[in-house]
Structures are given as structure tokens and as C-alpha cells.
Amino acid sequence: MIGAARRLLADGRRIVCFSGAGLSAESGIATFRDATEGLWAKYDPTVLASPEGFAADPQLVIDWYASRRRTVAEAQPNPAHTALAGRDDIVNVTQNVDDLLHRAGAEPIIQLHGRLDADRCHGECGHWEVVSLSEPPGLRDCPDCGQPMRPAVVWFGEALPPQQWKAAEQACRDCDTLLVIGTSAIVYPAAGLIGLAKSAGARIIVVNPQRTEAGRIADVEVLGPAGEVVPELLG
Ligand code: BJW
């Protein structure tokens with residue numbers, strides 16, 4: 001399977017990598033849906049990452065993000081990030097909110113679900129600030145309008161940033177090879193990019209230790225961890 005995937009990538013002229021939380025798993029960042037351990041295990045991330053979760057308990061949500069931000073601050077890019085960064089012909093479309101692809105030096109990167117290293121006003125005023133991952137802010141109000149500040153990420157029920165979404169759709173429509181890494185492929189509209197690329201004629205390669213929804217339409221499915229498989233595919 002790895003040989004078949006390598007050949008597809010070698011033949012690719014317009015390659016897009018569509019990644020999810022599994023890309024950063026070997027850097028020590030917990031995936032969204034895999035069982036978690038420790039302090040936050042008893043909370044459901046799909047509830048915390050929603051406007052309803054924030055309205056119900058803003059302090060809890062901000063504390064959860066502070067903990068995740070500190071973890072990202074301490075994490076390092078893994079060999080999969082580095083391999084992707086080594087290929088400036090690959091367009092990265094990621095669902096990840098961490099900055100590990102950036103720190104590895106990958107470019108371009110389209111971040112569909114926002115970023116952890118910024119906060120924005122939860123109201124409509126548009127105030128936005130870069131924040132420290134290692135010393136994240138606590139619960140606080142927007143200096144412009146007094147509404148609460150919150151991480152600049154996309155929660156369930158919220159629209160994806162329109163420019164990034166448009167760029168991702170364009171890239172997936174135009175690519176001839178889509179490398180799908182470390183995503184359960186169940187969160188929409190992002191997961192729909194795989195079907196979009198497929199119906200536009202792209203070959204689909206999926207890298208994941210487990211079988212996923214994306215595997216159903218893959219031309220090649222490589223079962224294994226990104227940190228081992230991706231350097232082999234792109235080296
Ligand atoms: C490894 C590995 C290793 C492990 N190597 N791999 C149709 C039907 C039903 C519902 C919907 C629908 N369409 C839309 C919805 C609603 C919803 C949705 O999709 N829900 C589904 C759960 C059903 N979608 C939304 O709400 C979206 N917005 C929307 O639709 O808006 C409509 C609208 C339009 C106009 C105006 C207003 C509204 C928004 C979705 C936002 C998602 N946000 C999150 C949180 C981001 C912030 C944060 O991190 O806190 O994004 S949720 C979470 O899921 C996060 C991720 O980016 C995203 C995807 O998860 P991902 O990356 O796939 O991670 P996991 O954990 O699921 O999977 C990890 C994988 O890695 C696994 O497969 C492992 O096997 C693998 N792995 N180790 C490689 N070493």
C-alpha cells in the first residue's frame with residue numbers, strides 16, 4: 001500500500017494535504033475524539049467547543065482552552081509536520097488549530113477551524129488579538145464592546161471563515177492528488193472536501209492508524225501513524 005501511495009504522490013502535479021488532529025497526535029496533542037486521560041477526560045469536547053457550552057459555563061471553556069494552549073506551547077512538530085514542510089509544492093488545508101505546521105515551516109497553510117494562538121470577541125464588534133500559548137489569558141471582556149473574549153476557533157454550529165473555506169474548496173477542486181492525514185472525516189463541511197476532490201478527478205490517499213469514513217472513497221489507504229508513514233511517502 002505504501003508503494004502504491006508513493007507512486008501516486010510521485011505522479012501528482014497539484015497535491016493538497018487535508019489534515020486533522022491525528023497529524024499532531026505524535027507531538028503529544030490529544031485528538032478531538034479519541035479517549036482522553038486526566039483532568040479533562042470527564043468533559044465532552046463536542047459540548048465545550050460550542051456556543052452553547054460557552055454560554056453554560058464560560059469559565060470551564062476558557063480553562064479547557066488554557067490547558068490545551070499550554071500543551072501546544074510545549075509540543076514540537078513531529079516528523080510528519082517536517083516532511084510536509086519540506087514540500088513547498090503541497091498546499092496544506094488543515095482542520096487543526098495548533099501552530100505546528102507553521103512552526104515546522106510549511107507553506108501555504110489554510111486553517112479551516114481557526115487558530116488557538118488568537119482570541120476574538122464573542123460579540124459582533126470584530127475585535128481580535130494574538131495571545132500567548134504558554135501564558136494564555138483567563139476569562140475576560142472585549143476592550144471594545146464588553147462582550148466576552150473567546151478563542152479564535154470555529155465551534156460547532158458556527159460558519160467557517162469564508163476566505164479560508166473558499167481557498168480550500170478551490171485547492172481541492174483543482175488538485176490531482178489529495179493526501180488525507182489523521183482525520184475521522186466526520187465533521188462537515190470540512191470532511192466534504194474529500195468528496196469534492198474525488199468528484200473533480202483527484203486520487204485520494206488516506207493515512208490513519210484506523211479505518212475511517214475517508215477510507216471508503218480512497219484510492220489507497222495506508223494504515224499507520226502519520227509520524228512514520230508521511231516521511232516515507234514524501235521522502
Ligand atoms: C492518527 C494518529 C496518528 C490518531 N497518525 N492519525 C451534517 C450532518 C450533521 C451535522 C452537520 C452536518 N453538517 C454540519 C453539521 C454540524 C457540524 C458537524 O459536522 N457535526 C458532526 C459531528 C456531525 N458542523 C459544524 O457545526 C460546522 N459548522 C457548520 O456546519 O456551520 C453551518 C453554518 C453555516 C452558516 C452560518 C452558521 C453556521 C463547524 C465545525 C467546527 C468544528 N470545530 C472543531 C473544534 C475546533 C476548535 C477546538 O479545537 O477546540 O474542530 S470540532 C473538532 O473536529 C475540531 C477538529 O478540527 C474537527 C475534526 O476532527 P479531526 O481533526 O478529524 O479529529 P478526530 O479526533 O475526530 O480524529 C482524529 C483522527 O486521527 C482519528 O481518525 C484517529 O484514528 C487519527 N489518529 N492518531 C494519524 N498518530
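Overview of values
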read-out: One residue from Val47, Val61 being part of a helix (DSSP H, G or I) and open to solvent by 60 Å² or more (accessible area, probe 1.4 Å); value: Val47
read-out: Segment 186-206, residues that are under 25 Å from Ala85 (Cβ atoms) and within 6 Å of the ligand (Cβ to nearest atom); value: Val187
read-out: Residues located in segment 173-185, provided they are surrounded by 17 or more Cβ atoms within 10 Å (Cβ to Cβ) and away from the ligand (no atom under 16 Å from the Cβ); value: Cys175, Thr177
read-out: Selected residue [assigned to a loop (DSSP other than H, G, I, E, B), at pLDDT 95 or above and at positive phi] from Gly126, Gly138; value: Gly126
read-out: Yes/no for Gly235 being loosely packed, with under 15 Cβ neighbours inside 10 Å, farther than 29 Å from Gln76 by Cα and not aliphatic (A, V, I, L, M); value: no
read-out: Within segment 149-171, tally of residues that are buried (at least 16 other Cβ atoms within 10 Å of the Cβ) and either within 16 Å of the ligand (Cβ to nearest atom) or at positive phi (or both); value: 13
read-out: Some residue of segment 80-103 being within 21 Å of Ala191 (Cα to Cα), open to solvent by 60 Å² or more (accessible area, probe 1.4 Å), β-branched (Val, Ile, Thr) and out of contact with any Cys (no Cβ under 9 Å at 6 or more places or on another chain); value: no
read-out: Residues located in segment 124-136, provided they are within 16 Å of the ligand (Cβ to nearest atom) and within 20 Å of Gln59 (Cβ to Cβ); value: Val131, Leu133, Pro136
read-out: Neighbours by Cβ (under 7 Å, 6+ apart or cross-chain): first from segment 138-167, farther than 19 Å from Asp98 by Cα; second surrounded by 11 or more Cβ atoms within 10 Å (Cβ to Cβ) and small (Gly, Ala, Ser); value: Cys142/Gly123; Cys145/Gly123; Gln147/Gly123; Gly157/Ser50
read-out: Hits in segment 13-33 - residues which are within 6 Å of the ligand (Cβ to nearest atom) and not in a helix (DSSP H, G or I); value: Gly20, Ala21, Glu26, Thr31, Phe32, Arg33
read-out: Long-range neighbours under 6 Å by Cβ, at least six apart or interchain, first residue more than 19 Å from Glu26 (Cα to Cα) within segment 79-96, second assigned to a loop (DSSP other than H, G, I, E, B) and open to solvent by 20 Å² or more (accessible area, probe 1.4 Å); value: Val91/Pro108
read-out: The lone exception for Val93 - which of (1) in a loop (DSSP other than H, G, I, E, B); (2) under 22 Å from Trp155 (Cα atoms) it fails; value: (1)
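The values are calculated or read from the model by the stated rules, or taken from the named source; none is laboratory data. Bear in mind that the values here come from a model prediction, so they are computed numbers and not experimental data. Virtual Cβ from ideal backbone geometry, glycine too; neighbours counted across all protein chains shown. Ligands, DNA and RNA are stripped out before the accessible areas are found, and what is left, the full protein with its side chains, is counted by its heavy atoms. Shrake-Rupley method; radii C 1.70, N 1.55, O 1.52, S 1.80 Å.
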